[in-house]
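Participant: The structure is given below, and queries will be raised subsequently.
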Amino acid sequence: MFITPDFRRSRRIPFNLIFAVLLFVAASRAAVADELAVWNFNDSNLNVDHGSGTLTTTIAAANVLFAAGTTNNARQGDIAGQALSLQGGTSTANNGRNITFNVSTLGFSNIVVSFATQGTSTGFNSNQFQYSLDGISFINFGSPFIPATAFGSVPIIFSLAAIAGLNDNPNAAFRIVFNGASSSTGTNRLDNIVVEGTTIDTAEVPEPASVLLLASGLGGLYKLRKRKSVTQKAQKLKP
Ligand SMILES: [Ca+2]
Ligand SMILES: [Ca+2]
């Protein structure tokens, strides 16, 4: 007679605990921020180093070099390694040219682009950041930035959270247009270019549903075990 209430309580506590843990896991997953693409240039090429994206440039190939980098804005434990190093070029022909990075933001919002940069006194000293919603037309964002003479420890950050069109967009693209170089060997280095965002809540909708499904499955299991136990007890009580 005394066994029944204890049995029921001991089975209920673990189920409630499991349900609470599942809800907690679902809630914490909704707030995760992710790096969508990172270029650390440590392998001295334009290929993306973490995540996915493509980086291209209209700067003359002879003026696309790699030189000592920085840990400023480095991610995932990346070492300083190399940095992208762009020169003004013959007759400073590279003024007005750019680097463009195409990064799909599907499933993400609150897009932020950041990087470390430094420039020599005759390098590009008036650089305009732009974004694109279709990968074709680019729109100026913020004022032109002047690279410091050393990488330092503070990256340049463009928060694009207010640009709703950049959210969940497979054609999102970003560009830096270089200007102001006054010599062919004037240089601007860039390192640790990062595009990051926050998982969009609507993309999480299936997860709570899965949790409920799992929870109802666990509830079913609990009922089944309870029924089985009652049946077993009833059988034991039979003379
Ligand atoms: Ca680097
Ligand atoms: Ca690379």
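The values are calculated or read from the model by the stated rules, or taken from the named source; none is laboratory data. In this text, all values refer to a predicted model and were calculated from it rather than measured experimentally. As a convention, Cβ positions derive from the backbone with ideal geometry for all residues, glycine included, and neighbour counts pool all protein chains shown. Heavy atoms of the whole protein, side chains included, go into the accessibility calculation; ligands, DNA and RNA do not. Shrake-Rupley method; radii C 1.70, N 1.55, O 1.52, S 1.80 Å.
Participant: What's the total number of residues in the stretch 74-104 that are over 24 Å from Ser183 (Cα atoms) and either within 16 Å of ligand 1 (Cβ to nearest atom) or in a loop (DSSP other than H, G, I, E, B) (or both)?
Facilitator: Residues flagged as over 24 Å from Ser183 (Cα atoms) and either within 16 Å of ligand 1 (Cβ to nearest atom) or in a loop (DSSP other than H, G, I, E, B) (or both) within the stretch 74-104 amount to 11.
Participant: Could you tell me whether Gly89 is farther than 19 Å from Val154 by Cβ and either at pLDDT 95 or above or basic (Lys, Arg) (or both)?
Facilitator: So Gly89 passes the test.
Participant: Also, I was wondering about something else. Scan the stretch 36-58 for residues that are within 15 Å of ligand 1 (Cβ to nearest atom) and under 15 Å from Asp78 (Cα atoms) and report the count.
Facilitator: So the answer is 11.
Participant: So Ile157 passes all but one of these: (1) touching a strand residue (DSSP E or B) at 6+ places or on another chain (Cβ under 6 Å); (2) more than 16 Å from ligand 2 (Cβ to nearest atom); (3) of a type in the set (A, V, I, L, M, F, W, C); (4) within 20 Å of Asn179 (Cβ to Cβ). Which condition number does it fail?
Facilitator: Failing condition for Ile157: (4).
Participant: Looking at the stretch 74-91 only, could you name the residues that are under 17 Å from Phe115 (Cα atoms) and either aliphatic (A, V, I, L, M) or open to solvent by less than 70 Å² (accessible area, probe 1.4 Å) (or both)?
Facilitator: Ala74, Arg75, Asp78, Ile79, Ala80, Gly81, Gln82, Ala83, Leu84, Ser85, Leu86
Participant: Anything in the stretch 115-134 that is open to solvent by less than 20 Å² (accessible area, probe 1.4 Å) and in a strand (DSSP E or B)? List them, or say none.
Facilitator: Correct list: Phe115, Ala116, Thr117, Gly119, Asn127, Phe129, Ser132.
Participant: Could you tell me whether the stretch 60-73 includes any residue that is within 14 Å of ligand 2 (Cβ to nearest atom), part of a loop (DSSP other than H, G, I, E, B), within 28 Å of Pro170 (Cα to Cα) and open to solvent by 20 Å² or more (accessible area, probe 1.4 Å)?
Facilitator: no
Participant: Taking the stretch 137-169 only, how many residues are touching a residue at least 24 places away in the same chain (Cβ under 8 Å) and in a loop (DSSP other than H, G, I, E, B)?
Facilitator: Residues meeting the conditions: 18.
Participant: How many of the residues making up the stretch 80-90 are within 13 Å of ligand 2 (Cβ to nearest atom) and either touching a strand residue (DSSP E or B) at 6+ places or on another chain (Cβ under 6 Å) or β-branched (Val, Ile, Thr) (or both)?
Facilitator: 3
Participant: In this structure, does Arg97 turn out to be of a type in the set (D, E, K, R) and modelled with pLDDT under 95?
Facilitator: no
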